[in-house]
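Below: one structure, written as structure tokens.
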Amino acid sequence: QVQVVESGGGLVQAGGSLRLSCTASGSFFSVDLMGWYRQAPGYQRELVADIRRRGSINYADSVKGRFTISRDNAKNTVFLQMNRLKPEDTGVYYCHAAVQPTKWQRDDDFWGQGTQVTVSS
């Protein structure tokens, strides 16, 4: 059984910072791709940033230069440092983890429950 648990959301003024954390735990072989998605009311869920176990990183254009994703492979934990936040960054942020159950199986997708980020103007 795999659990993906996020923490770190909250309310912040525009220009402020927040740091999100997410840990994948349970019984599995490895976790390759980990990342953050967000969903604002009335909009589809969109990719914010993701990072592979070997370090390759992908950012949405809207957050480049403001957000930084990183991970601790030993702890299967991913972080999202969000600086210079804007009201349009408001939404529920979901952690995604591509988990390989055993050495011989393909990755399965797991999601956290979501954490609210609200940026006031």
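The values are calculated or read from the model by the stated rules, or taken from the named source; none is laboratory data. None of the values given here were measured: they were computed from a predicted structure. In this analysis, Cβ positions are derived from the backbone assuming ideal geometry, glycine residues included, and neighbour counts consider all displayed protein chains. Side chains are part of the model used for accessible areas, which takes the heavy atoms of the whole protein and leaves out ligands, DNA and RNA. Shrake-Rupley method; radii C 1.70, N 1.55, O 1.52, S 1.80 Å.
Computed values, structure above
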{"read-out": "Strands (runs of 3 or more DSSP E) lying entirely in the range 15-61 (those with 3 or more residues that are touching a residue at least 60 places away in the same chain (Cβ under 8 Å))", "value": "18-26, 30-39"}
{"read-out": "Selection count where residues are hydrophobic (A, V, I, L, M, F, W, C), assigned to a strand (DSSP E or B) and open to solvent by 40 Å² or more (accessible area, probe 1.4 Å), scope the range 65-82", "value": "1"}
{"read-out": "Selection from the range 62-89 of residues that are under 19 Å from Val99 (Cβ atoms) and without any contact (Cβ under 8 Å) to a residue 12 or more places away in the chain", "value": "Asp72, Ala74"}
{"read-out": "Residue in the range 27-40 that is open to solvent by 30 Å² or more (accessible area, probe 1.4 Å) and on the phi > 0 side of the Ramachandran plot present", "value": "no"}
{"read-out": "Tally, over the range 102-118, of residues that are surrounded by fewer than 20 Cβ atoms within 10 Å (Cβ to Cβ) and under 20 Å from the mean Cα position of the chain (by Cα)", "value": "9"}
